[in-house]
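Read the structure below first, then the notes.
The values are calculated or read from the model by the stated rules, or taken from the named source; none is laboratory data. Every value quoted in this text rests on a predicted model; they were computed, and no experiment measured them. Cβ coordinates were reconstructed from backbone atoms using ideal geometry, including for glycine residues, and neighbour counts include every protein chain displayed.
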Amino acid sequence: MGFSQAFSRFLCRTRFSDLSSSEVATARGAFLDTLATCLAGAKEEPARKILSFLRHLGHRGPSVVAGTPVRTQAAMAALANGVFAHCLDYDDVNHPMMAHPSAVLVPVVISLADVAPFTGREALVAYAVGLELGVKLGRILNPEHYEKGWHATSTLGTVAAAATAARLLRLDPEKTSTALGLAASLAGGLRRNFGTMAKPFHAGHAARCGLESASLAAQGLTACREIFEGPMGFLEIYGREPDPEQVEQALYKLGNPFELSASGLAIKQYPCCAGSHPALDAILILRSRARKPLEELDRVVLRVDPLVPRMMIHDRPATPLEAKFSLRSCAAAALLDGRVNLASFTRESLLRSDLTRWMERIEIRPDLEKGIEEGQIPTRAEAAFLWRGGECDRHRIEMPLGNPQNPLPEGAVRRKFEECALLALPRRRVQELLGLLENLEDVEDFREITRMLCTPRSRRTGGDAR
C-alpha cells in the first residue's frame, strides 16, 4: 500500500481516544491562538481587500467570516479566514513542515461548521490528521522543498487542508485519497511573494482549495488516488526522487505518536517571520542586561543560520509587510523600543528616523553553524553588543521562547488571545469565546463557536457577501 492510501485509511480510523491529553491540549491551543490572529487580522488591509472581493462576487452562504458580519459560501469563507489568520504573521509554526499549519487548518474547520455540523472533539481530530499529513510531507520533502522557494504553508498546507476537510465531511478512504489527489493539483505558492499580501493569500488559498477538493470528492469527482508516490507524483515534483526508507518511516510513524507531540507547534510572541525570533530573543535579553546607555553602542552583530536571509528577504523594507521579513528592521525595533509587537509594524513605526539609524548599526552574519534544527526552521542565533571603547556583550539562543521545547509562560497564550480578539469583539464575547475554546473537547456543536465570531451588521458591510 502506498503513502496516499495508507494515510487515507489512517485518517478514517483515527478516533479522539487515540489522542493523548497533551496532544488534545496542543490542538486546543492551536484553535485558541489561530482564532486570536484571525480576529486581529480581520482589521488589516489584506482583510479589507478580501472582503471587497467577496462583496464583488456576491457569494451568499452560511459560513462565517471571523470578526465580520459576513456569511458566505464555505470555500470563500475558508479563503477569507485563512488570509485573516496569516496576514499579521502572528500565527503558529511547525518546524519540520517549515510552515504555518493552523492558519490553513483552523479556517477549514470554522468554515465547514455551519455546513456539516460537528462536535469540538471531531474538530480536534480533524485538525490532528491534517497536521499529521502536512508535517509528514515536510519531513520527507524539507529542507529542499523550502529552500527551492516553495512556500510550504501553501503547498503542503493545501493537501493538509483537504485531509482536515475530508475528515469533517466523513469521507471514506477512497474518497479521501481522491480529495488528496485533487488538492495536490491545486498546491502552489512561492516564497518570492514574502512581504506582500500574497503571503497571507497563500494560507487562504490552501484552506479554500483543500475544502473544495474534499467537497468535490464527496460529489464523485475523480482524481489520482496515489498522488504522492510514483513518477510525476507530489513527492517527486515538489522535492526530489523520494527515499523509500524515509517514506516508509513516515508511514510507520503516522499517529505514533501524533505530530502534535512529536514536533508540536511554536506559538509566536512576535508578529513577524519565525526566522527572526531567536535573534530577537537574544537582543532583548542583552538590552535588558545592558550596563551602559544604548547610545554608547557602536554596533550590533547578529550571527544567524545561512537560511535566515533567504527567509527574511527584505533587507531595507519599504512597507510594514516587508518589515516583517526584514531581520535588520525587526532587530532595530527591538533595540529602539525594547519590544516587538503589533505596533512595531505600522507605517508610522517604519518611517521613524531613529529606527533607520539603528538599522545602519546592525551587522548580519549568516555563518552560524547548524544545530539540532537542521532541515527545519532555524532556532539558533547569537547577538553581540559592541560598545564604544571595545567592550563586548554576547548572548546565544538555542531555542527561542514559544517553541515546544521552550514554551511561553503559563497564561501568555490566553493574554495574546485577549489582546487580539478585543480588536474585533466586545470584552464579554471574548471571555465567553475563550471559555468555549479552553474546553473545546466538551463543545457539543462547533456552531456555538462560529456564532461568537460574528460581529453586528452595519450599513457599510451588510450581513452577507453582497
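Structure notes:
- Taking helices (runs of 4 or more DSSP H) as the structural unit, those lying wholly within the stretch 259-374 and holding at least 1 residues that are among the polar types (S, T, N, Q) correspond to 259-262, 277-289, 327-337, 347-350, 353-360.
- Set A103, A25: member being surrounded by fewer than 24 Cβ atoms within 10 Å (Cβ to Cβ) and of a type in the set (A, V, I, L, M): A25
- Out of L182, L190, L221, one residue alone is surrounded by 19 or more Cβ atoms within 10 Å (Cβ to Cβ), among the aliphatic types (A, V, I, L, M) and in the same structural domain as F53 (by TED's automatic domain parsing). It is L182.
- Of the residues making up the stretch 28-63, those that are among the hydroxyl-bearing types (S, T, Y), crowded, with 20+ Cβ neighbours inside 10 Å and either out of contact with any strand residue (DSSP E or B) (no Cβ under 8 Å at 6 or more places or on another chain) or outside the structural domain of L169 (by TED's automatic domain parsing) (or both) number 2.
- Only one of the numbered conditions (1) out of contact with any Lys or Arg (no Cβ under 6 Å at 6 or more places or on another chain); (2) farther than 30 Å from T319 by Cβ; (3) not hydroxyl-bearing (S, T, Y) is violated by A250, and that is (1).
- Considering L342, L294, the condition of being aliphatic (A, V, I, L, M), more than 30 Å from A198 (Cβ to Cβ) and surrounded by fewer than 19 Cβ atoms within 10 Å (Cβ to Cβ) is satisfied by L294 alone.
- Meets criteria (modelled with pLDDT under 95 and among the hydroxyl-bearing types (S, T, Y)) for Y252: yes
- Within the stretch 56-107, the residues that satisfy the criterion of being touching a Ser or Thr at 6+ places or on another chain (Cβ under 7 Å), among the small types (G, A, S) and assigned to a loop (DSSP other than H, G, I, E, B) are G61, G67.
- S21 meets all of the listed conditions (1) more than 23 Å from R457 (Cβ to Cβ); (2) polar (S, T, N, Q); (3) touching a helix residue (DSSP H, G or I) at 6+ places or on another chain (Cβ under 6 Å) but one, namely (3).
- Every residue from the stretch 1-22 that is in a loop (DSSP other than H, G, I, E, B), surrounded by fewer than 19 Cβ atoms within 10 Å (Cβ to Cβ) and of a type in the set (A, V, I, L, M, F, W, C): M1
- Residue that is surrounded by the fewest Cβ atoms within 10 Å (Cβ to Cβ) [pool: residues in the stretch 304-318 that are over 12 Å from H277 (Cβ atoms) and of a type in the set (A, V, I, L, M)]: A318
- A single entry from S215, S177 fulfils the requirement of being surrounded by fewer than 24 Cβ atoms within 10 Å (Cβ to Cβ), at pLDDT 95 or above, polar (S, T, N, Q) and assigned to a helix (DSSP H, G or I): S215.
- Residue-level analysis places L280 outside the set of residues that are within 24 Å of L386 (Cβ to Cβ) and surrounded by fewer than 22 Cβ atoms within 10 Å (Cβ to Cβ).
- Scanning the stretch 374-396 for residues that are modelled with pLDDT under 90 and touching a His at 6+ places or on another chain (Cβ under 6 Å) returns Q376, I377.
- So E259, is it in contact (Cβ under 8 Å) with a residue 12 or more places away in the chain, buried (at least 22 other Cβ atoms within 10 Å of the Cβ) and out of contact with any Phe, Trp or Tyr (no Cβ under 6 Å at 6 or more places or on another chain): yes
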